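A quick write-up on the structure given underneath.
The values are calculated or read from the model by the stated rules, or taken from the named source; none is laboratory data. Just so it is clear, the model here is predicted, and its values are computed rather than measured. Note that each Cβ is placed from the backbone with ideal geometry, even for glycine, and that neighbours are counted across all protein chains shown.
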């Protein structure tokens, strides 16, 4: 029996050693996971001026593109309130949002606009109300924007509030779809953009000839890339990554999912217009 004691002692010592190693591994894994989570920069996206049908596909494609270039994650939102509640007090993040939305929250959220989207070489867009006939009270208006943004645009364009109050809004995926719904007789009017109207002129000249601009709004910048003020220095790498998306085919493909073909740095005049009260 005495001869077995060393073996038992050795076994118990080895067993304790293995347990310590396992505990150390667990601690290291937890530490690494925590570090990775805090080190990740999330790009939050919400745009009331467009309707995204497949958020899962949008997230997967952008996650794949961005994660190959750093510790980045893309998170799209379909609801303004949920978006604003989620980004509150977030510092290590990038925001992609419409210019009118940026204007309404940048001060409260301490945001700095750094990039603006480009489409067909333009960074500004103008919304127009289009139809085959005159403005009709109680008609259906097709729009690719959210209900809130559509209502805001119409209030800015139209003096007759009764038209807005009696109108019903049909939400469609794209601005060009709003025009087509008028062409097919589904809606009486379409809230769209001048660029979409020009696109219709190339794709369907006969339908374009039947369209009439009934009202128009003021020019506004396209999608904005904004950064929390306290994160500006650390955000340089991801901002550069986003800006360079138009320089490679894969990045261009992702931008087209947002209705863009490039980014441009905001100049001082753009910023003054963007943040004007």
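Kindly establish whether residue 90 is more than 11 Å from the chain's Cα centre (by Cα), in the same structural domain as residue 228 (by TED's automatic domain parsing), touching a residue at least 60 places away in the same chain (Cβ under 8 Å) and loosely packed, with under 15 Cβ neighbours inside 10 Å.
So residue 90 passes the test.
Which ones in the stretch 233-272 are more than 17 Å from residue 68 (Cα to Cα) and in contact with a helix residue (DSSP H, G or I) (Cβ under 9 Å, 6 or more places away or on another chain)?
Across the stretch 233-272, the qualifying residues are 257, 258, 259, 260, 261, 262, 263, 264, 265, 266.
Of everything in the stretch 130-143, what is assigned to a strand (DSSP E or B), over 15 Å from residue 217 (Cβ atoms) and in contact with a helix residue (DSSP H, G or I) (Cβ under 8 Å, 6 or more places away or on another chain)? Give them in sequence order.
Passing the criteria: 131, 142.
Just one of the numbered conditions (1) crowded, with 19+ Cβ neighbours inside 10 Å; (2) out of contact with any helix residue (DSSP H, G or I) (no Cβ under 8 Å at 6 or more places or on another chain) is not true of residue 154; which one?
(2)
Mind telling me which of the residues 72, 45 ends up being surrounded by 15 or more Cβ atoms within 10 Å (Cβ to Cβ), more than 13 Å from the chain's Cα centre (by Cα), assigned by TED's automatic domain parsing to the domain that holds residue 108 and under 24 Å from residue 233 (Cα atoms)?
72 is the lone residue from the list that is surrounded by 15 or more Cβ atoms within 10 Å (Cβ to Cβ), more than 13 Å from the chain's Cα centre (by Cα), assigned by TED's automatic domain parsing to the domain that holds residue 108 and under 24 Å from residue 233 (Cα atoms).
Which of (1) at pLDDT 90 or above; (2) in contact with a strand residue (DSSP E or B) (Cβ under 7 Å, 6 or more places away or on another chain) is the odd one out, the single condition residue 147 does not satisfy?
It is condition (1) that residue 147 fails.
Of the residues 127, 64, which is part of a helix (DSSP H, G or I), over 16 Å from the mean Cα position of the chain (by Cα) and under 23 Å from residue 173 (Cβ atoms)?
Selected residue: 64, the only one of 127, 64 that is part of a helix (DSSP H, G or I), over 16 Å from the mean Cα position of the chain (by Cα) and under 23 Å from residue 173 (Cβ atoms).
Since residue 107 meets every condition but one in (1) assigned to a strand (DSSP E or B); (2) under 30 Å from residue 88 (Cα atoms); (3) over 18 Å from the mean Cα position of the chain (by Cα); (4) modelled with pLDDT of 90 or more, which condition does it not meet?
That leaves (1) as the condition not met.
What are the residue pairs meeting all of these: first residue in the stretch 136-162, first residue outside the structural domain of residue 188 (by TED's automatic domain parsing) and touching a residue at least 40 places away in the same chain (Cβ under 8 Å), second residue assigned to a helix (DSSP H, G or I) and loosely packed, with under 12 Cβ neighbours inside 10 Å, Cβ atoms under 8 Å, and 6 or more apart or on different chains?
The qualifying pairs do not exist here.
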